[in-house]
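These notes concern the structure reproduced below.
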Amino acid sequence: MEAMQDRFSRQVRFASLGPDGQERIGASRVLLVGVGALGTHIAGSLVRAGVGTLWLVDRDIVELDNLQRQVLFDEDDARHGRAKAPAAAAHLRRVNSRCDLRPIAEEFTAEVFAALGAPPDLILDGTDNFATRYLINDLAARAGIPWVYGGAVGATGAAMAVVPGRTPCLRCFVPEAPPAGEVGTCETDGILEPAVAAVAAFQSAQALKILAGRLDAVASGALAIDVWADRWGVRLRSGGPDPSCPACSGRDYPALRAPALEPVLLCGRAAAQVFPQPGARVDLPRLAAHLQRAAEDIELTPELLRFRADGCRFSVFPGGRALVFGVTDAQRARVLYDRYVGAC
Ligand SMILES: [Zn+2]
């Protein structure tokens, strides 16, 4: 115990946290969904702060172009194409061997959440897509668990803490996930590491307050930043959950109604069919515009959008269904779909 106090002495000395806050943080169980740019920053911060248990969920592998912003990985991880969740856990164990790190190299689903056993005290959003964020939102609302939303693209970022019963949720502001193609991604618009670091810092700070039992100190507003234009701010708001929000009122959790269909390999061809999330919409002309710098051979017709990226050919139909040519692994097709079509 003495040694642990030494390790966290500078944090404990911060009066608003104190020994009581540190003890609560040490006993806490946190779920981090997505161990990419935001996720690696958040995980590093929370493991150093002394969280007791941290689940790390990510379906992807480390690639060389991740290293510019995904701070837990190195060239060796990229060279071996290591799965992100266990690679991150291996690095974090060398930072804090007392933290119970539980990597899960899978797509995050309601089933993965249920398989955790006892629910976590907090969920952190390190994802890059709105489909998963709405799933987190609805799971958290149903279980009464706080979560912290975060997103970054280009030089901009946004983040917000959601505390069931106290603050509005994501659905209170935007009832449904935006159409795929409407919002840029790191692939289409690029990403600067400082934007990631700023958003992750806000998320980690809210996490520490929530875990330390200081809900009174949680930001009552959403972070909005642009590290290139030097706009840094929190848009304050007052008021609790929207009474007409289905998730906050407990009437309905749309993201939990029906799981997305699994992608399927097409027989006899190096190709897969990928289905969108239930109820998703895709704006093909806007998606085509976003892809200008990320994809090649872009061709938009009234029937479909064709393009070439990451060595694969894509055909995306207006309902969001897509054919991905050049893959022999269905999950790889899902990763590429989320990367370029936007995962809604
Ligand atoms: Zn709500």
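The values are calculated or read from the model by the stated rules, or taken from the named source; none is laboratory data. Keep in mind that what you see is a predicted model, and the values were worked out from it rather than measured. Glycine also receives a Cβ, built like all others from the backbone with ideal geometry; neighbour counts cover every protein chain displayed.
For the range 201-254, filtered to residues that are basic (Lys, Arg) and modelled with pLDDT of 95 or more, the residue that is nearest to the chain's Cα centre (by Cα) is Lys209. Of all residues in the range 108-154, those being within 16 Å of the ligand (Cβ to nearest atom) and aromatic (Phe, Trp, Tyr) number 4.
Quick check on Cys186: is it more than 22 Å from Gln70 (Cα to Cα), of a type outside the set (Phe, Trp, Tyr) and out of contact with any Gly (no Cβ under 8 Å at 6 or more places or on another chain)? Answer is no for this residue.
Filter the range 87-120 for residues that are at pLDDT 95 or above, part of a helix (DSSP H, G or I) and surrounded by fewer than 16 Cβ atoms within 10 Å (Cβ to Cβ) and give the result. Residues satisfying the conditions are Ala90, Arg93.
The set of residues in the range 235-244 that are over 23 Å from Asp189 (Cβ atoms) and either surrounded by 10 or more Cβ atoms within 10 Å (Cβ to Cβ) or of a type in the set (A, V, I, L, M, F, W, C) (or both) comprises Leu236, Arg237, Gly240, Pro241, Asp242, Ser244.
Residue-wise test of (1) over 27 Å from His290 (Cβ atoms); (2) aromatic (Phe, Trp, Tyr); (3) touching a residue at least 40 places away in the same chain (Cβ under 8 Å).
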residue: Val227; (1), (2), (3): no, no, yes
residue: Trp232; (1), (2), (3): no, yes, no
residue: Cys248; (1), (2), (3): yes, no, yes
residue: Ala258; (1), (2), (3): yes, no, no
residue: Pro263; (1), (2), (3): no, no, yes
residue: Cys267; (1), (2), (3): yes, no, no
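When the residues of the range 155-169 are narrowed to those that are surrounded by 24 or more Cβ atoms within 10 Å (Cβ to Cβ) and either at pLDDT below 95 or away from the ligand (no atom under 16 Å from the Cβ) (or both), which ends up farthest from the chain's Cα centre (by Cα)? The residue in question is Gly157.
When the range 261-281 is filtered for residues that are part of a loop (DSSP other than H, G, I, E, B) and crowded, with 19+ Cβ neighbours inside 10 Å, the ones remaining, listed by number, are Pro263, Pro276, Gln277, Ala280. Among the residues making up the range 213-231, a single one is farther than 25 Å from Leu32 by Cα and not in a loop (DSSP other than H, G, I, E, B): Arg231. Across the range 211-254, the number of residues qualifying as out of contact with any helix residue (DSSP H, G or I) (no Cβ under 9 Å at 6 or more places or on another chain) and more than 16 Å from the ligand (Cβ to nearest atom) comes to 7.
Pairs meeting the criteria (first residue in the range 162-179 and touching a residue at least 60 places away in the same chain (Cβ under 8 Å) and assigned to a strand (DSSP E or B), second residue within 11 Å of the ligand (Cβ to nearest atom) and acidic (Asp, Glu), beta carbons under 8 Å, at least 6 apart or on different chains) are lacking. Being surrounded by 23 or more Cβ atoms within 10 Å (Cβ to Cβ), touching a strand residue (DSSP E or B) at 6+ places or on another chain (Cβ under 8 Å) and outside any helix (DSSP H, G or I) is true for just one of Ile136, Ile210, Ile123, Ile145. Which residue is that? Result of the check over Ile136, Ile210, Ile123, Ile145: Ile123. Only a single item in (1) in contact with a Lys or Arg (Cβ under 8 Å, 6 or more places away or on another chain); (2) within 25 Å of Ala152 (Cβ to Cβ); (3) among the acidic types (Asp, Glu) is not met by Asp338, and it is number (1). Kindly establish whether Ala200 is touching a His at 6+ places or on another chain (Cβ under 6 Å) and either in contact (Cβ under 8 Å) with a residue 60 or more places away in the chain or in a helix (DSSP H, G or I) (or both). It is true that Ala200 is touching a His at 6+ places or on another chain (Cβ under 6 Å) and either in contact (Cβ under 8 Å) with a residue 60 or more places away in the chain or in a helix (DSSP H, G or I) (or both).
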